[in-house]
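Notes follow the structure.
The values are calculated or read from the model by the stated rules, or taken from the named source; none is laboratory data. Remember, it's a predicted structure, so these values are computed and weren't measured experimentally. Please note: Cβ atoms are built from the backbone with ideal geometry, for glycine as well, and neighbour counts cover all protein chains shown. Just so you know, the surface numbers come from the protein's heavy atoms only, side chains and all, with ligands and any DNA or RNA stripped out. Shrake-Rupley method; radii C 1.70, N 1.55, O 1.52, S 1.80 Å.
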Amino acid sequence: MDRPTLFDFHGVSMIKQFTDSWEEVQNFKARPDDIVIVSYPKSGTTWVCYLVELLFFGKTCPERLASIPLHERVPFLEISRTSPTPVQFLPKSFWEQNSTIVYVARNAKDTAVSYYHFCRMNYCMPEPADWSTFLQNYMEGKVSYGSWYDHVSGWWEKKQSYSKLAYMFYEDLSEDTGREMHQLCSFLGLSLSAEEKENVLTRVKFDNMKTNKMTNFSTIHHMDQTVSPFMRKGKVGDWKNLFTVSQDEKFDEDYKQKMKNPTLQFYWRG
Ligand code: A3P
């Protein structure tokens with residue numbers, strides 16, 4: 001399978017697969033009760049999609065959960081008609097309808113490592129080359145969906161003026177999934193019984209999602225899970241296994257230049 005190449009799309013590096021239906025996506029007519037889940041690639045999108053879905057439908061639609069893969073139940077806006085969209089690309093109808101948005105962000109280093117392995121195993125992504133080249137490209141925003149720094153900062157700024165946006169962190173979810181789920185329920189106006197919540201928490205555990213064919217992407221043929229599994233490690237701080245000391249120093253220096261807003265802080269350690 002030929003790997004796609006990146007091109008500049010309104011100032012953001014993209015691949016054709018995600019821009020082909022651009023017009024259709026931009027004209028998407030949102031409904032007030034729509035919920036959009038947004039993240040930079042590899043930030044825990046699948047985790048949050050499944051969590052949100054279970055909170056809404058866990059009890060009422062067991063057949064749906066058991067027979068339809070997650071990516072079909074919670075469709076990608078860019079491909080079929082979710083969304084790793086930078087803030088400026090979200091179809092305007094969602095803003096007009098005052099739709100609910102759940103954004104999930106993950107620290108830059110773990111995201112880079114996860115993204116690198118994802119590009120290795122997913123033949124629909126541009127060839128990542130070696131780790132050192134990939135990391136340099138990532139720092140320069142020369143990866144699909146562009147700059148991590150712009151993405152997380154753009155949505156963070158939006159959150160300050162848009163009250164129906166929940167800004168979640170992968171690291172918080174990892175630290176205490178129950179607490180985060182509880183907050184999400186309040187934000188979404190849902191009340192679940194203690195038993196239902198327990199049930200959701202069990203289902204969204206990494207090991208359970210990894211073995212669940214409906215959430216582990218094993219039904220997708222262009223992903224070679226023998227190269228690297230989609231549900232790879234699910235840890236905070238795994239970057240330490242790949243970054244060299246000098247890569248880390250260079251990254252930190254560059255990070256300070258790009259991330260000037262002191263109110264947006266990430267945790268790097270597991
Ligand atoms: P790793 O590659 O570090 O393991 P996305 O869904 O945005 O593509 O993000 C994928 C990343 O989220 C992968 O990270 C994956 O393992 C992790 N992930 C998915 N479900 C998870 C869960 N239930 N708990 C912890 N991490 C999870």
- Message: Here is a list: Pro75, Pro86, Pro69. Which entry is over 25 Å from Leu190 (Cβ atoms), open to solvent by less than 70 Å² (accessible area, probe 1.4 Å), within 16 Å of the ligand (Cβ to nearest atom) and not polar (S, T, N, Q)?
- Response: Pro86
- Could you grab the pairs with beta carbons closer than 6 Å, sequence gap of 6+ or different chains, first residue in the stretch 161-185 and within 12 Å of Lys205 (Cα to Cα), second one assigned to a loop (DSSP other than H, G, I, E, B) and within 12 Å of the ligand (Cβ to nearest atom)? Ser174/Val236
- Note on the structure: Glu63 meets each of (1) open to solvent by 60 Å² or more (accessible area, probe 1.4 Å); (2) within 16 Å of the ligand (Cβ to nearest atom); (3) of a type outside the set (Ser, Thr, Tyr) with one exception, condition (2)
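Got a sec? Which of Lys233, Lys213 is touching a Pro at 6+ places or on another chain (Cβ under 9 Å) and either open to solvent by 20 Å² or more (accessible area, probe 1.4 Å) or within 9 Å of the ligand (Cβ to nearest atom) (or both)?
After ruling out the rest, the residue left standing is Lys213.
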- Message: Please go through the stretch 191-205 and give me each residue that is of a type in the set (A, V, I, L, M, F, W, C) and either closer than 21 Å to Glu63 by Cβ or open to solvent by 60 Å² or more (accessible area, probe 1.4 Å) (or both), ordered by number.
- Response: Leu192, Ala194, Val200, Val204
- Task: Report yes if Phe18 is farther than 23 Å from Lys197 by Cβ and either within 20 Å of the chain's Cα centre (by Cα) or exposed (fewer than 13 other Cβ atoms within 10 Å of the Cβ) (or both), otherwise no.
- Result: yes
- Note on the structure: Matching residues in the stretch 167-194 (outside any helix (DSSP H, G or I), among the aliphatic types (A, V, I, L, M) and within 16 Å of the ligand (Cβ to nearest atom)) number 1
- Reported set for the stretch 103-134 where residues are closer than 20 Å to Pro4 by Cβ, open to solvent by less than 20 Å² (accessible area, probe 1.4 Å) and acidic (Asp, Glu) is none
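Return the residues of the stretch 223-264 that are out of contact with any helix residue (DSSP H, G or I) (no Cβ under 9 Å at 6 or more places or on another chain) and either acidic (Asp, Glu) or at pLDDT below 95 (or both); say none if nothing qualifies.
If the condition is that a residue be out of contact with any helix residue (DSSP H, G or I) (no Cβ under 9 Å at 6 or more places or on another chain) and either acidic (Asp, Glu) or at pLDDT below 95 (or both), then Glu249, Asp252, Glu253, Pro262 are the ones that fit.
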- Kindly provide the set of residues from the stretch 74-110 that are more than 30 Å from Met139 (Cβ to Cβ) and at pLDDT below 75, ordered by number. Pro75, Ser80, Arg81
- Message: I need a count of the residues in the stretch 216-230 that are away from the ligand (no atom under 12 Å from the Cβ) and in contact with a Lys or Arg (Cβ under 8 Å, 6 or more places away or on another chain).
- Response: 2
- Query: Here is a list of conditions, (1) modelled with pLDDT under 95; (2) open to solvent by 20 Å² or more (accessible area, probe 1.4 Å); (3) under 21 Å from Tyr255 (Cα atoms), and Asn137 meets all of them except one; can you say which number that is?
  - Reply: (1)
- Query: If you scan the stretch 98-153, which residues turn out to be on the phi < 0 side of the Ramachandran plot, outside any helix (DSSP H, G or I) and more than 15 Å from the chain's Cα centre (by Cα)?
  - Reply: Ser99, Thr100, Asn122, Tyr123, Cys124, Met125, Pro126, Glu127, Pro128, Asp130, Glu140, Lys142
